[in-house]
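Right, one structure below, let's go through it.
The values are calculated or read from the model by the stated rules, or taken from the named source; none is laboratory data. As the structure is a computational prediction, the values presented were derived from the model and not from experiment. Neighbour counts are summed over all protein chains in view; Cβ atoms, including those assigned to glycine, are modelled from backbone coordinates with ideal geometry. Side chains are part of the model used for accessible areas, which takes the heavy atoms of the whole protein and leaves out ligands, DNA and RNA. Shrake-Rupley method; radii C 1.70, N 1.55, O 1.52, S 1.80 Å.
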Amino acid sequence: MLTTIKTSARDTRSLGTPWKNWSGSQVAHPSLRAMPSSEAELSLLVQQQARVRVVGAGHSFTPLAATDDCMISLDRLSGLVAHDTVSHQAKLWAGTRLFDCGPLLQSVGQALPNMGDIDRQSLGGVISTATHGTGMGLPCIAAGVTELRLVTADGSVLSTSPQRDADVFHAAAVSLGALGVISQVTLQNVAPFRLRERVDVVPLDTVLGDLQRWKHEHRSFELWAFPYSRQAIVKTLDITDEPPQMQKKGGDAADGLLRLCSELTRMWPSLTAPLQKLVGRFVSPTLRIGDSWRIYPSERHVPFNEMEYHVPADVSAEALDEACHVSVNSRTAGFFPIEFRFVAGDSHWLSPFQGGGRASIAVHQYYKQDYRPLFAAVEPILRRYGGRPHWGKLHTATHRDLLHMYPDFGRFLKLRAELDPTAKFLNPYLQKIFGLVHA
Ligand SMILES: Cc1cc2nc3c(=O)[nH]c(=O)nc-3n(C[C@H](O)[C@H](O)[C@H](O)COP(=O)(O)OP(=O)(O)OC[C@H]3O[C@@H](n4cnc5c(N)ncnc54)[C@H](O)[C@@H]3O)c2cc1C
């Protein structure tokens, strides 16, 4: 197979070096790394290879993209393909990184309605895992897809939309790279808008007791709970016409402090409580106003591993409170806070938000520390509250669990088998969670 691939499609950037995800917890040794520069080249490549995984920015914590066979990157398939000024729809290559979407869309009078914490990921990656931001009325990014082009196992290109084939569309929109390679996506965007971001430190119990108000009063609401000090950093985002005001985020200093606290608690776990109690002194209230795509993303320079579950919104305050208590009682050292966000519902078969809005609760652990004790303590709580795991974040849900959590999981697997009978797009991890091999 190696000899048939066009030399220009080979990705020679990292010849001989293993592939690693963002946190370094997943490592693979692809026998071939390819970077096609046209959809035709991508189709040929998929047709020729026996096993294929497509990778975006490698920001998933789970081994979704990992493969020792052919790994395809769409880094050369990036940018705007077409746009409609009336409907605010834009067609983009799936390899486009989110940080390029902001300026590209703004140049044609459009903006993504919402974004997550960072903007390093690829469009193909965020769509395939139901990546989300926060806001009771704001669904995951995949919910904004109106049409997509999928290169399937035999190399043919399937163009799918809710009007053309609703089943294939709702299966493919969040499909973990298991149905094929998405080459292009059309997104329903909005007119460019400006956001006012406020960040403050609030007692955790105050905000938990008033969650209903917070979630309805702001377009977006997010909190980071420090379980040992019962404090929370609260961030709200609202649309505004006020002039831009970019107060510094404290980037390098905040990163330095986070790294220092993580190192100190790693070495001396008993410091976790006193250091968390200092959060109110470290973090001062901030206000920033600017273009949405400049305000949404943060920079994350201190690596961590993460587990995130999406629980029904009406039990989210209890679930978060219990997760905080359990993380303290488990006595596992760790400075990172627990993150909490709201996400609106959608209709994609493998979207954790299929069937209604949910609240996302995410637990982080510093990359130099074993994440398993902390995650093992908190995961049963989030599962007991009816949580569904984020596909891109660590979890231990089995095939059986997922069948139970996702009403359309069985339908998805049936369609997958029809579209890819030789399991070209499956790696060992997907085979396991799809119930094709036993753990
Ligand atoms: C620091 C950090 C912050 C994060 N913040 C958030 C957040 O705010 N909200 C949130 O929900 N998640 C968040 N995540 C998780 C992240 O958004 C998801 O894991 C996302 O999938 C990563 O995108 P990627 O481009 O890196 O994809 P990868 O991790 O490279 O791939 C993810 C999956 O998508 C598939 N895929 C990629 N491209 C294509 C394609 N073209 N066609 C078909 N399948 C494809 C891959 O095969 C794989 O299964 C964060 C992760 C990190 C490390």
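Table: residues versus (1) surrounded by 20 or more Cβ atoms within 10 Å (Cβ to Cβ); (2) touching a residue at least 60 places away in the same chain (Cβ under 8 Å); (3) under 23 Å from the mean Cα position of the chain (by Cα).
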site: Val27; (1), (2), (3): no, no, yes
site: Ala40; (1), (2), (3): no, no, no
site: Val46; (1), (2), (3): yes, yes, no
site: Arg51; (1), (2), (3): no, yes, no
site: Gly79; (1), (2), (3): no, no, yes
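Limited to region 130-151, what total is found for residues that are within 11 Å of the ligand (Cβ to nearest atom), over 24 Å from Glu197 (Cβ atoms) and open to solvent by 10 Å² or more (accessible area, probe 1.4 Å)?
1
Restricting the search to region 89-108, which residues are surrounded by fewer than 19 Cβ atoms within 10 Å (Cβ to Cβ) and either away from the ligand (no atom under 15 Å from the Cβ) or within 13 Å of Leu187 (Cα to Cα) (or both)?
Gln89, Lys91, Pro103, Leu104, Gln106, Ser107, Val108
Among (1) open to solvent by less than 10 Å² (accessible area, probe 1.4 Å); (2) in contact (Cβ under 8 Å) with a residue 60 or more places away in the chain; (3) under 30 Å from Leu195 (Cβ atoms); (4) out of contact with any Ser or Thr (no Cβ under 7 Å at 6 or more places or on another chain), where does Leu123 come up short?
Evaluating Leu123 over (1) open to solvent by less than 10 Å² (accessible area, probe 1.4 Å); (2) in contact (Cβ under 8 Å) with a residue 60 or more places away in the chain; (3) under 30 Å from Leu195 (Cβ atoms); (4) out of contact with any Ser or Thr (no Cβ under 7 Å at 6 or more places or on another chain) leaves (4) as the failure.
Identify the single condition in (1) farther than 24 Å from Ala344 by Cα; (2) within 13 Å of the ligand (Cβ to nearest atom) that Asn114 does not satisfy, given that it satisfies every other one.
(1)
Tell me, yes or no, whether region 394-405 has at least one residue that is in contact (Cβ under 8 Å) with a residue 60 or more places away in the chain, outside the structural domain of Leu179 (by TED's automatic domain parsing) and either surrounded by 15 or more Cβ atoms within 10 Å (Cβ to Cβ) or at positive phi (or both). It would help to see each step written out before you state the result.
Filtering region 394-405 for residues in contact (Cβ under 8 Å) with a residue 60 or more places away in the chain gives 394-395.
Then drop every residue that is not outside the structural domain of Leu179 (by TED's automatic domain parsing), which leaves 394-395.
Narrowing the set further to residues that are either surrounded by 15 or more Cβ atoms within 10 Å (Cβ to Cβ) or at positive phi (or both) leaves 394-395.
Yes, because at least one residue in region 394-405 is in contact (Cβ under 8 Å) with a residue 60 or more places away in the chain, outside the structural domain of Leu179 (by TED's automatic domain parsing) and either surrounded by 15 or more Cβ atoms within 10 Å (Cβ to Cβ) or at positive phi (or both).
Looking at (1) touching a residue at least 60 places away in the same chain (Cβ under 8 Å); (2) open to solvent by 30 Å² or more (accessible area, probe 1.4 Å); (3) more than 27 Å from Lys414 (Cβ to Cβ); (4) more than 9 Å from the ligand (Cβ to nearest atom), find the lone condition where Asp205 falls short.
Only one criterion is unmet by Asp205, namely (1).
Consider region 118-129. How many of its residues are more than 6 Å from the ligand (Cβ to nearest atom) and among the small types (Gly, Ala, Ser)?
At the first step, the residues of region 118-129 found to be more than 6 Å from the ligand (Cβ to nearest atom) are 119-120, 123, 127.
Those still in the list that are among the small types (Gly, Ala, Ser) too: none.
Here the count works out to 0.
So which residues in region 178-197 are among the hydroxyl-bearing types (Ser, Thr, Tyr) and within 9 Å of the ligand (Cβ to nearest atom), if there are any at all?
Restricting attention to region 178-197, the residues satisfying the condition of being among the hydroxyl-bearing types (Ser, Thr, Tyr) are 183, 186.
The answer is Ser183, and nothing else.
Just to verify a result, which residue in region 37-65, among those that are in a loop (DSSP other than H, G, I, E, B) and away from the ligand (no atom under 11 Å from the Cβ), is farthest from Gly95 (Cα to Cα)? I'd like the intermediate steps shown before the answer.
Kept after step one, since they are in a loop (DSSP other than H, G, I, E, B), are these residues of region 37-65: 37-38, 49-51, 56-65.
Cutting the leftovers down to away from the ligand (no atom under 11 Å from the Cβ) gives us 37-38, 49-51.
Values: Ser37: 10, Ser38: 11, Gln49: 20, Ala50: 22, Arg51: 20 Å.
Among those residues, the one meeting the criterion is Ala50.
Does region 242-259 contain at least one residue that is exposed (fewer than 14 other Cβ atoms within 10 Å of the Cβ) and under 15 Å from Ala333 (Cβ atoms)?
No; the residues of region 242-259 include none that is exposed (fewer than 14 other Cβ atoms within 10 Å of the Cβ) and under 15 Å from Ala333 (Cβ atoms).
State yes or no: is Asp119 part of a loop (DSSP other than H, G, I, E, B), more than 17 Å from the chain's Cα centre (by Cα) and acidic (Asp, Glu)?
On the way: part of a loop (DSSP other than H, G, I, E, B): yes; more than 17 Å from the chain's Cα centre (by Cα): no; acidic (Asp, Glu): yes.
Judged against the criteria, Asp119 is not a match.
Of everything in region 406-439, what is of a type in the set (Lys, Arg), in a helix (DSSP H, G or I) and buried (at least 17 other Cβ atoms within 10 Å of the Cβ)? Give them in sequence order.
Within region 406-439, the subset of a type in the set (Lys, Arg) is 411, 414, 416, 424, 432.
This time we only want the ones that are in a helix (DSSP H, G or I), so: 411, 414, 416, 432.
Result: Arg416, single match.
Tell me which residues, restricted to region 297-335, are assigned to a loop (DSSP other than H, G, I, E, B), surrounded by 23 or more Cβ atoms within 10 Å (Cβ to Cβ) and not small (Gly, Ala, Ser).
Correct list: Phe335 only.
So, in region 15-45, how many residues would count as being touching a Lys or Arg at 6+ places or on another chain (Cβ under 8 Å), polar (S, T, N, Q) and under 23 Å from Ser159 (Cβ atoms)?
Qualifying residue count for the region: 1.
For region 162-197, how many residues are among the β-branched types (Val, Ile, Thr) and crowded, with 24+ Cβ neighbours inside 10 Å? Before the answer, list the steps.
Of all residues in region 162-197, those among the β-branched types (Val, Ile, Thr) come to 168, 174, 181-182, 185-186, 190.
Add one more test, that the residue is crowded, with 24+ Cβ neighbours inside 10 Å, and what stays is 174, 181-182, 185.
Residues flagged as among the β-branched types (Val, Ile, Thr) and crowded, with 24+ Cβ neighbours inside 10 Å within region 162-197 amount to 4.
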